[in-house]
Amino acid sequence: MEIHAIRGVRDILPDEIAKWHYVERVARRVLETHGYAEIRTPLFEKTALFTRGIGETTDIVEKEMYTFPDKGGEMITLRPEATASITRAYTEHKLYFPPGLVKVYCIGPMFRYERPQAGRYRQFHQIDAEALGSGSPYIDAEMIALLMTLLREIGLQKLDLHLNSLGDSTCRPPYREALRQFLAEKLSLLCKDCQGRYERNPLRMLDCKNPSCQDILAAAPAMYDYLCSPCREHLETVLSLLTAVGISYVLNARLVRGLDYYTRTTFEILAPGLGAQNAVVGGGRYDGLVEAIGGPPTPGIGFAIGMERLIALLEETGMHFPSIHPEVFFAVLGEKAQFKAFQMVHTMRGRGIPVEMEYDPKSLKSQLRKANKANVRYTLILGEDELAKGKIILKDMTGDTQEEVDIEKVIDLLQEKLPLQTSE
Ligand code: AMP
């Protein structure tokens with residue numbers, strides 16, 4: 001019986017990979033220009049890291065983690081996001097020493113047991129960046145500016161930045177109480193999820209997608225009106241810095257994050273084209289997280305870009321992505337020619353020329369058809385006659401002309417004719 005991939009996960013096939021490479025390349029360049037260095041953390045961690053770091057009452061921890069005992073009986077979890085692992089690595093390797101700002105990024109797969117639907121997978125990919133060690137609003141603004149630059153460089157223009165402040169441990173508790181009071185009499189009108197969240201995590205009720213809940217919540221008090229003065233000042237500085245670099249935003253009082261460790265600035269970037277799953281980026285400040293997982297008190301802020309959604313948006317722009325294909329095709333007639341071609345192909349590849357040759361040669365016609373299909377610039381044709389004369393035919397596939405050249409000189413000649421292959 002044929003075995004298929006697991007529900008909610010997908011293969012990225014060779015004809016799609018150019019988009020992924022492109023996005024990763026631009027992301028690395030922009031992140032590194034902003035001083036971020038790559039960090040690679042394991043794909044699985046002790047379950048306790050995520051329950052503590054993400055929060056027991058979040059959807060991720062309650063419903064979505066891939067958790068299982070390993071053969072030694074340890075409970076392990078496939079990472080559902082990168083922030084907890086990065087802060088764990090930061091603490092474990094004492095990256096807070098010497099004191100200062102640590103900026104890191106990571107690109108890779110995340111795992112969540114969610115209901116698969118368009119734009120929502122069980123293994124998906126994120127570009128994640130974290131800045132640890134500074135509570136300055138300048139870092140918040142820099143990070144958002146970085147994101148806007150990154151998305152623009154990738155080729156996306158129509159994006160809405162939504163922003164809110166979630167306050168801190170001084171002003172959030174009174175706000176939470178005010179929200180509870182507002183909702184107390186309306187509880188029976190709200191959905192089951194909201195009723196469940198009322199006790200455990202009332203802020204999460206604000207981003208309920210249920211239309212009748214949204215109607216009721218429209219009149220709810222806004223965190224913005226409850227911010228203590230340091231949090232208010234922080235938010236206002238972030239906003240004025242964004243304005244100073246020409247970034248517009250929507251202040252969205254309903255924007256709350258599912259994760260308990262978020263404080264102050266929180267943001268999302270929405271793309272109208274994506275339908276219900278329209279958030280491409282989510283991020284925010286988490287000044288309590290490092291301490292929560294056993295490190296020294298350390299402010300931090302980060303974001304995660306959903307790569308599947310980003311690529312879906314790129315596809316809508318109609319951008320052209322070159323596929324990987326050889327520049328040269330080596331057609332052969334006869335066993336001796338095939339043997340010689342094998343040696344020459346080895347040399348050419350060693351000199352950086354992308355070349356394919358025929359291993360199951362049929363007629364020259366069928367080999368030329370293959371060369372055409374592969375979209376090569378040049379085809380080399382070697383038969384026993386040419387071989388005996390020390391010659392080879394070089395066919396220019398664009399101009400459809402051909403010449404006989406010295407077999408010893410043909411590699412140099414091709415190298416001159418072909419554009420330089422770069423590593424980018
Ligand atoms: P989060 O880590 O939940 O803040 O998500 C950050 C971004 O990751 C979202 O804005 C999405 O673009 C993307 N994302 C989250 N969950 C999924 C998923 N199950 N499938 C695809 N993309 C996702």
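Details
- The shape of region 103-152 comes out prolate: with a ≥ b ≥ c from the C-alpha gyration tensor, a/c is at least 1.5 and a/b beats b/c.
- Gain in span if fully extended, Arg120 to Asp207, counting 0.36 nm per residue against the direct Cα distance: 29.5 nm
- At an R0 of 51 angstrom, the distance between the Cβ atoms of Asp160 and Leu413 translates into a FRET efficiency of 0.40.
- Gyration tensor verdict on region 202-330 (Cα atoms; rounded if a/c is under 1.5, prolate if a/b is larger than b/c, oblate otherwise): prolate
- Cross-link reach is defined here as a Cα-Cα straight distance under 13 Å, omitting same-chain residues fewer than 8 places apart; for Lys209 the aspartates and glutamates meeting it are Asp193.
- Given Lys336/Lys365; Lys158/Lys373; Lys340/Lys362, the pairs whose alpha carbons are separated by over 26 Å: Lys158/Lys373
- Taking only the C-alpha atoms of region 41-195, the Rg (one decimal) and the largest Cα-Cα distance, Dmax (whole number), read 18.8, 53 Å.
- In region 1-150, lysine pairs closer than 26 Å at Cα, eight or more apart or cross-chain: 7
- In a fully extended conformation the segment linking Met1 and Leu189 would gain 62.7 nm over its present Cα-Cα distance, using 0.36 nm per residue.
- Calculated over the chain, the projected area of the Cα convex hull averaged across directions stands at 27.9 nm².
- The relative contact order of the chain, computed from alpha carbon pairs under 8 Å that lie at least 6 residues apart in sequence, is 15 percent.
- Three semi-axes describe the equivalent ellipsoid of region 29-128; taken as square roots of 5 times the Cα gyration tensor eigenvalues and ordered largest first, they are 25, 18, 11 Å.
- Förster-model FRET efficiency, 22 Å R0, Val9 and Lys63, C-beta, rounded to 0.05: 0.80
- When you work out D = kT/(6 pi eta Rh) for region 293-410 at 37 °C and 0.692 mPa s, using the Kirkwood radius from C-alpha pairs as Rh and the Stokes-Einstein form, the result is 190 µm²/s.
Laboratory data are not the source of any read-out in this text; all were calculated from the coordinates shown. All values reported here derive from a predicted model rather than from experimental measurement. Virtual Cβ from ideal backbone geometry, glycine too; neighbours counted across all protein chains shown.
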